[in-house]
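The values are calculated or read from the model by the stated rules, or taken from the named source; none is laboratory data. Here the structure is a predicted model, which means the values were calculated and not measured. Here the Cβ positions follow ideal geometry from the backbone for every residue, glycine too, while neighbour counts run over all protein chains shown.
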Amino acid sequence: MNNDDLNNQILKLRNKGYGYKRIAKELSISVSAARYVCLKNDEKSKTTHCKNCSLSIISIEGKRKKVFCSDKCRYNWWNKNQNKVNKKAYYTHQCKNCNKEFVAYGNKKRIYCSQECYIKSKISKVGANNEAKWLRDVLSVDGTNSKDVKWRRN
Ligand SMILES: [Zn+2]
Ligand SMILES: [Zn+2]
C-alpha cells in the first residue's frame, strides 16, 4: 500500500464518522498518523464534522460553516441538549433510608425521598428506646399544636 492509498483509506473511514483511534486500529497505523492525515485534509477541504454524528461536512468557501450534516442530526442534537438544559434544575438522589432513587427539583442537598423516610431514619439513629420521646419532640413543634397555643393566647 503506498502513501496515497493509505491517506484515502484514512479519509474514507473518517468520512464514515470513525474516530482517530478506530481508524488507527482498522488500518494498523498509529493514532497520531491518523489524526495528522485527517487534520491536514480538513484544512485543505474546509471540512467540518457534524456536531452530532461527527460525519464529515464539506463547507463551501465564503459560506457559513455547517455544524450539522443533516436536519435530522440538528434535531437530534438539540433534542439531547434541550434535555440537558431542562434537567439542570433536577437532581437525582438516592434516599438514605430506603435506597430508592428520587428526583428533587432545584435541591442539590436532599437526602430522603419523603418525610416518612426522614423520620424513619432519625428514629433508627436515636434508637427504639428513644423513639417515643423523639416523636413527641417532633410532634410538639408540629403546626397544629403551635396554632392551638396561639389561638388560646389570643
Ligand atoms: Zn450528523
Ligand atoms: Zn426513601
Candidate set from the stretch 100-124 (those that are more than 7 Å from ligand 2 (Cβ to nearest atom) and in a loop (DSSP other than H, G, I, E, B)); member that is surrounded by the most Cβ atoms within 10 Å (Cβ to Cβ): ARG110
Residue that is surrounded by the most Cβ atoms within 10 Å (Cβ to Cβ), among those in the stretch 73-99 that are part of a strand (DSSP E or B) and modelled with pLDDT of 85 or more: HIS93
Residues being among the hydroxyl-bearing types (Ser, Thr, Tyr) and at pLDDT below 80 - total across the stretch 100-119: 1
Test for SER70: is it in contact with a strand residue (DSSP E or B) (Cβ under 7 Å, 6 or more places away or on another chain), surrounded by 12 or more Cβ atoms within 10 Å (Cβ to Cβ) and of a type in the set (Gly, Ala, Ser): no
